[in-house]
Amino acid sequence: MSAPPPPITIDVNPPRTRLWDRLRAHVAAPRPLSERSGLRDMALLLPDLTVLLSRLLRDDRVPVGRKWVAVAGIAYVVSPLDFLPSLLLGPVGLVDDLMIVAACLSGIVNRVHPDVVRSHWSGQGDALEAIERATGWVEDQVSGGLEAIFRRFRSD
């Protein structure tokens, strides 16, 4: 018989001592959860998700195999080599980074307790909802792009 997993303790009101939390508070003030995300929150989505990956990487409650997924996602974001280069395409070049980070987080979130993920979230709203929206958007873009390619080949 295996031992029950250790309890997960979450500090509901952690002190705002994390660097990213302080920087984010200067850029986009926290709003009530009932309010929709604004343009600043959308611009901060990729950094928020990347910071979440880095925090999950340092958490002992995340399995080692999932930490390698986090390392791969962070490495892709900081790498100057991209499928869509940001230097040439500007903000559009960040789409591939968002796709990779969302895919990595999706793989981690499905194997880690949701409260662990939420405890590391600095962004607006619920972490799991933000990840779900990002992965949903990525899936829509990828499937829509693949459908367009298949339609083009069928019409030729």
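A few remarks follow.
- Residues satisfying the criterion are present in the stretch 136-146 (criterion: at pLDDT 80 or above, surrounded by 11 or more Cβ atoms within 10 Å (Cβ to Cβ) and part of a helix (DSSP H, G or I)).
- Taken together, ILE131, ILE74 contain a single residue that is modelled with pLDDT of 80 or more and either more than 16 Å from the chain's Cα centre (by Cα) or crowded, with 20+ Cβ neighbours inside 10 Å (or both), which is ILE131.
- Options ASP59, ASP97, ASP21; residue that is at pLDDT 70 or above, among the acidic types (Asp, Glu) and closer than 22 Å to ASP115 by Cα: ASP59
- Of all the listed residues (ARG31, ARG16), the sole one being over 14 Å from ALA127 (Cβ atoms), touching a Lys or Arg at 6+ places or on another chain (Cβ under 7 Å), at pLDDT below 65 and assigned to a loop (DSSP other than H, G, I, E, B) is ARG16.
- Number of positions in the stretch 101-129 that are in a helix (DSSP H, G or I) and farther than 18 Å from VAL62 by Cβ: 1
The values are calculated or read from the model by the stated rules, or taken from the named source; none is laboratory data. What you are looking at is a predicted structure, and each value in this text was computed from that prediction instead of being measured. Note that we place each Cβ from the backbone using ideal geometry, even for glycine, and neighbour counts take in every protein chain shown.
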